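The structure appears right after this line, and notes come after that.
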Amino acid sequence: MKFRVVLLAFFLVPAVWGAASFISALTASAQVVCPGENAGADGEERPGPMQPGDARCSVLDGSLSVATRTYEQQRSYQSLERRRDARNGVLLVAYGAAGALLVWRATRPGTGRD
């Protein structure tokens, strides 16, 4: 019986993770947020979400700038990330559900057909 529980946990944990990932992708904010330093049209650094006129978003890795994106590029990147999270969440839920179903079917007690 412990074997069955361990096997089910191997499939149910990714299913729960996938459901959380899918739900977070669906409920993500539509605001365009720069993950580093956001510079407005005048070149000055601005706090808060990006606005359509913002010229530059410096993506930082620690204190090192690794990329620069415009408002449109950052918006499309965030949209791509949300779609990717939703797709991965669905795949994890499907994997977990299929695996849990197989474990349940394979380890259930016999019906007495011998």
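The values are calculated or read from the model by the stated rules, or taken from the named source; none is laboratory data. Values in this document were obtained by computation on a predicted structure and should not be read as measured data. Don't worry about glycine lacking a Cβ; one is built from the backbone with ideal geometry, like all the others, and counts go over all protein chains shown. Please note that ligands, DNA and RNA were not included when accessible areas were found on the heavy atoms of the full protein model with its side chains. Shrake-Rupley method; radii C 1.70, N 1.55, O 1.52, S 1.80 Å.
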Report summary line: To the nearest 10 degrees, the tilt of helix 71-107 (Cα long axis) against the first principal axis of the alpha carbons of the chain is 10
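Using DSSP to call loops (not H, G, I, E or B), can you name the trypsin sites (Lys or Arg not before Pro) in the stretch 34-114 whose Cβ has at most 14 other Cβ atoms within 10 angstrom? Walk me through the numbers before you get to the answer.
Details: sites: R56, R69, R75, R82, R83, R84, R87, R105, R113; in loops: R113.
Qualifying residues, ordered by number: R113.
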Report task. Using amide H atoms built 1.01 Å from N in the peptide plane, name the residues 5+ places from V32, or on other chains, whose amide H lies under 5 Å from its own. Result -> M50
Query raised in the report: Each residue of the stretch 30-35 in turn: what ³J(HN,Hα) in whole Hz from Karplus with 6.51, -1.76, 1.60 and θ = phi - 60°, glycine and Pro shown as x?
Result: 8, 5, 8, 10, 7, x
Query raised in the report: Can you give the accessible area of T68 in Å² (nearest 10), computed on protein heavy atoms with a 1.4 Å probe?
Result: 80
Requested in this report: Sort 35-48, 8-21 for me by packing, meaning the mean count of neighbouring Cβ atoms within 10 Å per residue, highest on top.
Outcome: 8-21, 35-48
**Report entry** For E37, residues with placed amide H under 5 Å, excluding near neighbours
**Finding:** S58, L60
Query raised in the report: How big is the accessible area of S29 in square angstrom, nearest 10, if you roll a 1.4 angstrom probe over the protein chains?
Result: 70
Report task. For the stretch 30-76, report the accessible area per residue in Å² (1.4 Å probe, heavy atoms, rounded to an integer). Result -> 63
Query raised in the report: How much mean residue ellipticity at 222 nm does the chain get from its helices, if each DSSP H run of length 4 or more adds -39500 (n - 2.57) and you divide by all residues, to the nearest 500 deg cm²/dmol?
Result: -19500 deg cm²/dmol
Report summary line: The set of residues whose placed amide H lies less than 5 Å from the amide H of T68, leaving out same-chain residues fewer than 5 positions away, is V59
Report task. Go through P49, T68, I23 and say which Cα lies farthest out towards the positive end of the charge dipole of the chain; charges sit on Cβ, +1 for Lys and Arg, -1 for Asp and Glu. Result -> I23
Report task. Note the listed values [x] 10.0; [y] 15.4; [z] 11.4, then indicate which one is mean projected area of the Cα convex hull in nm² calculated from this particular structure. Result -> [x]
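Relative to the Cα centre, what is the charge dipole magnitude of the chain, using +1 at the beta carbon of each Lys and Arg, -1 at the beta carbon of each Asp and Glu, and rounding to the nearest 20 debye? Could you put the intermediate results ahead of the total?
Values: 13 positive and 10 negative charges, 210 e Å.
Roughly 1000 debye, rounded to the nearest 20.
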Query - Area accessible to solvent at Y71, 1.4 Å probe radius, in Å² - result: 30
Requested in this report: Measure off 7 Å from each Cα along the Cα-to-Cβ vector at L102 and S76, then give the distance between these two points in nanometres to one decimal.
Outcome: 3.9
Report summary line: Expressed as a whole-number percentage, the relative contact order of the chain with C-alpha contacts under 8 angstrom and at least six residues apart is 36
